[in-house]
Amino acid sequence: MDGTLIELHGGRLYDPTHGINGEVRTLYLSADGIVPPPPDAGAIAQSYDVSGCVLMAGGIDIHTHIGGGKVNLARMLLPEDHDRHPVARGVHPRMGSGHAAPSTLTVGYRYAEMGYTACFEPAMLLANARQAHLELGDTPIVDKGAYVLLGNDDLFLRLLAAKQDPAVIGDYLAWTLDAAQAMAIKVVNPGGINAFKFNQRKLDIDEENTAYGLTPRQILLALAQGIHTLGLPHPLHIHGSNLGVPGNVETTLATIAALEGLPAHITHIQFHAYGNEGDRKFSSGAARLAEAINRQPNISMDVGQVMFGQTVTESGDSMRQYAGSAYASPKKTVLMDIECDAGCGIVPFRYRDQSFVNALQWAIGLELFLLAEDPWRVFLTTDHPNGAPFTSYPHLIRLLMDRSFRNEKLASINPAAAAASILGTLTREYTLYDIAILTRAAPAKSLGLSSLGHLGVGARGDVVVYTDQPNREAMFQRPRYVFKAGELIVRDGRVIGTPTGATHVVKPDYERSIERTVNDYFARFMTVRPQNLRVSAAEIEGEGRGRLVVYSPRRSA
Amino acid sequence: MTGLVLTLHNPPAFELDCTTLNAATLQGKTLAQVGRLKLTQGRHRVSLGDLFDVSGDTQTDELTLLGVTPKLHRVGAGLASGVLRLSGNCGLELGLRMRGGRLLLTGNAGDGVGLGLRGGYLEVSGSAGDFIGGPAPGDVAGMNNGTIIIGRHAGARVGERMRRGLIIVGGDTGPLGGAQLIAGSIVLLGEVGPGLGTGMRRGSIVLAKPGHAPAATFNLAGTFDLPFMPLLIAHVTALKPRWRARLAGLARVTRWVGDASAGGMGEILLAS
Ligand SMILES: [Zn+2]
């Protein structure tokens, strides 16, 4: 054991991984993380009396767009977002700016201030992996990782269209994870981003991408099977087809069915939970979707809650972002592509509580939260910044935990939307234990992060101390203490320490012969070589600044 | 001199954001309170009193800044009423998103004078840099109303994407004046750079000095005694009597319509 030993006594622990629900226990922290009680009390260097406080592991955001090309494009498209939200040095250890697409430093500080200590960037292209890791490397305090996008790239579609052996496809997935230093695989609008480049404007689950003759169903299944065989901890991370289209709940239900029982994670599901009933042909599909997911233990979801106000949508889904560009507010958009790997679209947007559609989107997200029976399969996200900036999480937590607050807000939104939602009839209130599952234990479990998201001995020592108060928004906005790897980094909502978090990556075994296929493909079609794109461990670790945490999953049969 | 007077005694070594420096935010405060006001300098926050001597009174809506240097940016940003007088050479984005009142600079200004102007009167006695009256950061369109007068020369892209209002430049201007002009009037008294009116949709660019040859994407539409011109001449003369003689040639103008490359129906009016 090295460094100072810290004791936190008198606080109530919420550690769902170990079934601890509000019991008063003493925690011991050192640079090694959470440690057993020392045999000799004299070894304790600092002792904090945290009576009346709530202790949780550091928060984990499983889906937040904080690095990579699209975030930088959003920053460039929205100088006003930075102009209007400057943060001088002194408020934070270093200056920064931005609200919807904040600077890297601001992202790290703001997350830490709320007690979040790990963030996962869900949309990294292999072609842009270096940029993503540079930005994540520049994001202080939090641990991080990124999911690599597959399923719209030319090589994968060629392999699948040529009916390649699933083992070869699995090797390609594993090679890409390795080359991009990724933690999981995400598919965005399966085959649809690619179809958009061949001038298709929509692609439903059984429609063919005309260039390859493949349907989203085939792509989903091949990816989910490949990931399952490789034994990756996090299942296929799916941003489904028809995002934002009224009536898309049918597509989402079909997507779940298409997986044939394989594990999968459906992301920002709120944007995929729309019916087309009622006068305005826009209604909530939350009840049907929640019911289906409650019955399917192989499926997890994050919500992608919408909150009112100005934000920017950043997505790899060029097809849907192109359609959405008509609603840009302020009126400006960027669509772009690198190496035909996937796509990218930036559309600024302001969600208005008096708009029927926006207000109903808000209600649908909350319905999904409250109708999902198993908190271990639902994660708290706003799909930052697509539904709202992540800084709105404390407000969202209060909406989930405080029914009267929720009903008060419901009464203030567009009345037709409020009437069209069943939200007012839902009496459920999340408990602190539930919140600890949604924001800590469940994401850690889903990603296979053995040392994060819990308070057991052996954990990294990311601990948050909240002052228990009835206003849950205030409580979660400003923790009393935040410890990162056993070091005090936030006191009374102010950042006082800025360690560099680790980068989590997954490295499944694969047959090296796949490199020949990849090399041949790159030589024939691409403007660079695979080794130009490959991100080395040394680049991330760079002179000891960063640290890699490598997970080596075992193949399942 | 009436109103509050701030004299720069400790010129900042690097960029000082003066956004909050206007009479409306200072009005009614004691001089000591004014001195304690925080300004953003680079990545730091500094007290106004550390940089400026504070004198005069805060009862009126007039503010005077003396000894202005090019490190002072965004002076008069968001000005809505009253009078703001400056002397010296100021930095970037003078009068950013100003909405009303009068902003009078005796000296030269940097780039971005009157970006996103929404109203009011902004005058620079000397020369100014690029992007006068253009879009504020993040905006798609430039100034929307108000008047900007530059006494001497101006840089590139005067009135880029301007939507409404009036810009007058007494001296020479750089390339791409009135580029992508949406509407509004730009009156240029001196020589103009290449690319005048590139991509303009509507609006008027008026050249008081004969001899300019518009680009090939502008079409000659004839020579006219436009009834609008005497009104414009009278308006400009009322603002700047000493420019009367230089405006004489505008009584009869040659009209060029364009920019045809952007399907534009704007006009360049040349003095005969
Ligand atoms: Zn997302």
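Observations on the model:
- With respect to the stated conditions, residue B:163 is within 14 Å of chain A (Cβ to nearest Cβ), among the basic types (Lys, Arg) and either touching a Pro at 6+ places or on another chain (Cβ under 8 Å) or without any contact (Cβ under 8 Å) to a residue 24 or more places away in the chain (or both).
- Checked against (1) within 12 Å of another protein chain (Cβ to nearest Cβ); (2) in contact with a Leu (Cβ under 6 Å, 6 or more places away or on another chain); (3) aliphatic (A, V, I, L, M), residue A:50 passes all but a single condition, namely (1).
- Under the condition of being out of contact with any Asp or Glu (no Cβ under 6 Å at 6 or more places or on another chain) and either within 16 Å of the ligand (Cβ to nearest atom) or not assigned by TED's automatic domain parsing to the domain that holds residue A:134 (or both), the residues counted in the stretch A:73-100 number 1.
- Flag if residue A:148 is surrounded by fewer than 24 Cβ atoms within 10 Å (Cβ to Cβ) and β-branched (Val, Ile, Thr): no
- Restricting attention to the stretch A:49-71 and to residues that are buried (at least 19 other Cβ atoms within 10 Å of the Cβ) and more than 16 Å from the ligand (Cβ to nearest atom), the residue that is nearest to residue A:99 (Cα to Cα) turns out to be A:59.
- Matching strands (runs of 3 or more DSSP E) fully within the stretch A:205-317 where at least 3 residues are within 16 Å of the ligand (Cβ to nearest atom) and open to solvent by less than 10 Å² (accessible area, probe 1.4 Å): A:236-239, A:264-266, A:309-315
- So residue A:83, is it within 14 Å of another protein chain (Cβ to nearest Cβ), over 27 Å from residue A:467 (Cα atoms) and open to solvent by 40 Å² or more (accessible area, probe 1.4 Å): yes
- Test result for residue A:422, surrounded by 19 or more Cβ atoms within 10 Å (Cβ to Cβ), more than 16 Å from the ligand (Cβ to nearest atom) and either within 14 Å of chain B (Cβ to nearest Cβ) or touching a residue at least 24 places away in the same chain (Cβ under 8 Å) (or both): no
- For the stretch B:88-109, a residue qualifies if it is open to solvent by less than 30 Å² (accessible area, probe 1.4 Å) and either under 19 Å from residue B:145 (Cα atoms) or free of Cβ contacts under 8 Å to residues at least 60 places away in the same chain (or both), and the qualifying residues are B:90, B:94, B:95, B:96, B:98, B:100, B:101, B:103, B:105, B:107, B:109.
- Test for residue A:106: is it within 14 Å of chain B (Cβ to nearest Cβ), buried (at least 21 other Cβ atoms within 10 Å of the Cβ) and of a type in the set (Ser, Thr, Tyr): yes
- Considering residues of the stretch A:124-134 that are open to solvent by less than 10 Å² (accessible area, probe 1.4 Å) and among the small types (Gly, Ala, Ser) only, the residue nearest to the ligand (Cβ to nearest atom): A:132
- Test result for residue A:324, touching a residue at least 12 places away in the same chain (Cβ under 8 Å), assigned by TED's automatic domain parsing to the domain that holds residue A:79 and at positive phi: no
- Meets criteria (away from chain A (no Cβ under 14 Å), of a type in the set (S, T, N, Q) and surrounded by 16 or more Cβ atoms within 10 Å (Cβ to Cβ)) for residue B:27: yes
The values are calculated or read from the model by the stated rules, or taken from the named source; none is laboratory data. Predicted model, so just to flag it, every value in this text is computed and none were measured. Cβ coordinates were reconstructed from backbone atoms using ideal geometry, including for glycine residues, and neighbour counts include every protein chain displayed. The area values use the complete protein model at the heavy-atom level, side chains included, leaving out ligands, DNA and RNA. Shrake-Rupley method; radii C 1.70, N 1.55, O 1.52, S 1.80 Å.
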